[in-house]
Every structure is written in structure tokens, then in C-alpha cells.
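Q: Handing you this structure, nothing more for now.
The values are calculated or read from the model by the stated rules, or taken from the named source; none is laboratory data. Every value quoted in this text rests on a predicted model; they were computed, and no experiment measured them. Because the Cβ atoms are built from the backbone with ideal geometry, glycine has one as well, and the counts that use them run over all protein chains shown. Surface areas here come from the heavy atoms of the whole protein model, side chains and all, with no ligands, DNA or RNA. Shrake-Rupley method; radii C 1.70, N 1.55, O 1.52, S 1.80 Å.
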Amino acid sequence: MSYEPIFALFCERVKESIKAGTFAKLTLAKTIGDTEIKNIYFRLAINEDNTYSIALTTRYKTEEIESTHTLDEALMILGTYIKNPFLTALLFTTDNDVTFKVNKKNAGSIIEQEPTFKNASPVMLEMIEKGIV
């Protein structure tokens, strides 16, 4: 069984959390072995034309690289890092924490837990206030 269908569900949860205004933060963590890349952070950013984009911060041992993308582009980029080298993606929302994991047999799973964050990200709150979502 492949993890891709479960990862697609996870991506839908990310999109839903943004549309619902509950998005707090998303990160990729837990790498396979000791790698140059340490984390990838996924944040919302408001553009000058009152639309939003996704700021991806890729943290390496010696530097950080930030890039800006559409939501679909950012999710596609995150997908390329699953199992290469990340095994876990964590979505934090005000409703719950959603964890996507890939095991050694290449199977994906989604685990939901009580929310870590009580409030959406400041940018998410600003997007709601401006009517962007």
C-alpha cells in the first residue's frame, strides 16, 4: 500500500483549515537519518493585492532558504519531500493537530489530537479580517 492517497487527504485537510480560518502552522519533521535538511515550515503570507501565498522556509544545517508559492505549488513541493527525507508532516489548527506519517512499509496514516494552538496564525486572522478567505 502506498502513502500517496493518505497524503492527498492530508493536503485536503490543509486546504480546509485555510478556508475555515483555523490554520495555525504546518511543518515537516523527522528525517530519515542525519540529513543536511532539518525542517520545512509552511506559513501563510498576504500579498499586496490582498491574495495569499505560502512562504516555505527550508532549514538546512547551515542556512535557511525561503520561497513563495501558491497553495497547490507548496503542497506539491511538500509532497516531494515525503520519504525524501521526511517521514512526518504536522498540521496545527485551532480545531485539532493533524499528523501525517509514513511507516517503513510505505503506508501512510493520519492521526488527530487535541489542538496545540488556541488561535490561528496572525496572518490567518488578518486574512479573515480582510475577507481574503
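Q: Taking a 28 Å limit on the Cα-Cα distance, which of the listed pairs LYS15/LYS101; LYS38/LYS101; LYS83/LYS130; LYS19/LYS105; LYS15/LYS61; LYS61/LYS83 fall beyond it? Working shown, then result.
A: Details: LYS15/LYS101 18 Å; LYS38/LYS101 17 Å; LYS83/LYS130 37 Å; LYS19/LYS105 33 Å; LYS15/LYS61 30 Å; LYS61/LYS83 19 Å.
With Cα atoms farther than 28 Å apart: LYS83/LYS130; LYS19/LYS105; LYS15/LYS61.
Q: Now a separate question. Would you mind calculating the relative contact order of segment 39-111 from Cα pairs under 8 angstrom and at least 6 residues apart, reporting the percent as a whole number?
A: Taking the mean separation of contacting Cα pairs over the length of segment 39-111, I get 16 percent.
Q: DSSP loop (so not H, G, I, E, B), at most 16 other Cβ within 10 Å: list which trypsin sites (Lys or Arg not before Pro) in segment 43-133 pass both filters. Don't skip to the answer; put the middle values down first.
A: Details: sites: ARG43, ARG59, LYS61, LYS83, LYS101, LYS104, LYS105, LYS118, LYS130; in loops: LYS61, LYS83, LYS104, LYS105, LYS118.
Answer by residue number: LYS61, LYS83, LYS104, LYS105, LYS118.
Q: Can you give me the accessible area per residue for segment 8-133, using a 1.4 Å probe, in Å²? Display every interim value, and only then the final one.
A: Working: 6990 Å² over 126 residues.
Value returned for segment 8-133: 55 Å² of accessible area per residue.
Q: Mind checking which of GLY108, GLY21, GLY33 has the largest fluctuation in a GNM of the chain, springs on alpha carbons under 10 Å?
A: Among GLY108, GLY21, GLY33, the largest GNM mean-square fluctuation belongs to GLY33.
Q: Exactly which GluC sites (Glu not before Pro) in segment 1-105 are in a DSSP loop and have at most 12 other Cβ atoms within 10 Å? It would help to have the intermediate numbers written out before the result.
A: Values: sites: GLU12, GLU16, GLU36, GLU48, GLU63, GLU64, GLU66, GLU73; in loops: GLU36, GLU48, GLU63.
Sparse-neighbourhood loop GluC sites (Glu not before Pro): GLU36, GLU48, GLU63.
Q: What part of the accessible area of the chain, given as a whole %, is carbon or sulfur when the probe is 1.4 angstrom?
A: Details: 3890 of 7460 Å².
Here it works out to 52 percent.
Q: Distance from the Cα centre of segment 68-133 to that of segment 20-60, in angstrom?
A: 8 Å
Q: How high is the relative contact order of the chain, given as a whole-number percent (alpha carbon pairs under 8 Å, six or more residues apart)? Walk me through the numbers before you get to the answer.
A: Working: 251 pairs, mean separation 41.2, N = 133.
Reported relative contact order: 31 percent.
Q: Starting from the Cα gyration tensor of segment 17-133, take the square roots of the eigenvalues, sort them a ≥ b ≥ c, and report rounded, prolate or oblate (rounded when a/c is under 1.5, otherwise prolate if a/b is larger than b/c, else oblate). Could you put the intermediate results ahead of the total?
A: On the way: a/c = 2.16, a/b = 1.41, b/c = 1.54.
In terms of gyration-tensor shape, oblate.
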